[in-house]
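Got a structure for you, questions after.
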Amino acid sequence: MADIVLQIKDLVKRFGGLCATDHASMAVNFDELHALIGPNGAGKTTLIHQISGALRPNEGQILFDGVDITAESMHKRVATGLARSYQITRIFKDCTVLDNVALAVQQCQGSCFRFWRPAIAYRHVFDEAYAVLQTIGLAERADALAGSLAHGEQRQLELGLTLATKPKLMLLDEPMAGMGPEESERMITLLQGLRGKVSILLVEHDMSAVFRLADRISVLVYGRIIASGTPEAVRNDPEVRKAYLGETLAV
């Protein structure tokens, strides 16, 4: 248990007569990049919603760093180190790139900006925010308005906002959605650089990226986790190939 940062046990989520999550169980280890894959409609986003706290499961248990958080609110989960990014970029487009990250940093610290205080009082916040921008490759864009960034850069910034909360586990929901090949490659490089520094649960449709990035993979089909293991084990699993990968995987 000491090596596990997130464990879900027999999660069930029903919407009327539809069972979107069907006794799903999986575990994410500390400092690993764990990918969650599955066909459209498999229930991946519903499962992530339950982990993040946006949805409450009907049955089952969610343990984070050994603590039962099944009934905890989203903001309490963030405070304990569970942070999520979204398929659709959520940034303050009229603020600078640096200000976006500084706001995330100060929120994590539990403080607030007071406009009548001298800027030097917040030097530590902006120093920390700039260090995050260096990590995500946007330091040179610090003074640009966030809304002026290209789509891929905005997704990098969103990842930076998540990192600024100093998470133990990052839930990344399709970080490469809508990206071209060059933007996707930059995001892959960025995520590779984070491996071993923070635990990541990645939902992504780009199978080439998944098999390049993941330490382990879990496969969700019709709300059930049908396999979890190394990329090689998942690639060769007969049930996975039949239910999802088929003959389309050539990585």
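When you count, for each residue, the other Cβ atoms within 10 Å and take the mean per peptide, how do 49-59, 194-204, 63-73 rank with the highest first?
Numbers: 49-59: 18.2, 194-204: 19.8, 63-73: 14.8.
Ranked from most to least packed, the peptides come out as 194-204, 49-59, 63-73.
Determine the calculated [θ] at 222 nm for the chain from helices alone, applying -39500 (n - 2.57) to every DSSP H run no shorter than 4 residues and normalising by the residue count; nearest 500 deg cm²/dmol.
Working: 8 runs with 81 residues, N = 251.
Taken over the chain, the calculation gives -9500 deg cm²/dmol.
Using only Cα atoms and rounding to the nearest 10 degrees, what angle (0 to 90) does helix 151-163 make with the longest principal axis of the chain?
Tilt relative to the chain: about 90 degrees.
Nearest 10 degrees, 0 to 90: what angle lies between the long axis of helix 97-109 and the longest principal axis of the chain (Cα atoms)?
With both axes taken from Cα atoms, the answer is about 80 degrees.
Right, something else. Report S228's accessible area, 1.4 Å probe, all protein chains in place, as a number in Å² to the nearest 10.
Its accessible surface works out to 60 Å², give or take rounding.
Another question about this same structure. Relative to the first principal axis of the alpha-carbon coordinates of the chain, what is the inclination of helix 123-136, with its axis defined by its Cα atoms, in degrees from 0 to 90 and to the nearest 10?
Tilt of helix 123-136: around 40 degrees.
Relative to the compact globular guide of 2.2 N^0.38 Å, what is the alpha carbon radius of gyration of the chain, as a ratio?
Working: Rg = 18.7 Å, N = 251, 2.2 N^0.38 = 18.0 Å.
The reported ratio for this selection is 1.04.
What size of dipole, in debye to the nearest 20, comes out for the chain about its Cα centre when the only charges are +1 on Lys and Arg C-beta atoms and -1 on Asp and Glu C-beta atoms?
580
Now for a separate question. Using a Gaussian network for the chain with springs between C-alpha atoms less than 10 Å apart, which of these wobbles most: I62, I37, I188?
Evaluated over the chain, the most mobile residue of the options is I188.
Quick one: which of K44/K197; K44/K76; K9/K197; K13/K44 span more than 19 angstrom between C-alpha atoms? Walk me through the intermediate numbers first.
Values: K44/K197 24 Å; K44/K76 22 Å; K9/K197 26 Å; K13/K44 12 Å.
Among K44/K197; K44/K76; K9/K197; K13/K44, the Cα-Cα distance tops 19 Å for K44/K197; K44/K76; K9/K197.
The values are calculated or read from the model by the stated rules, or taken from the named source; none is laboratory data. Everything numeric here is computed off the predicted structure, so don't read it as measured data. Every residue, glycine as well, gets a Cβ built from its backbone with ideal geometry; the counts of neighbours run over all protein chains shown. Please note that ligands, DNA and RNA were not included when accessible areas were found on the heavy atoms of the full protein model with its side chains. Shrake-Rupley method; radii C 1.70, N 1.55, O 1.52, S 1.80 Å.
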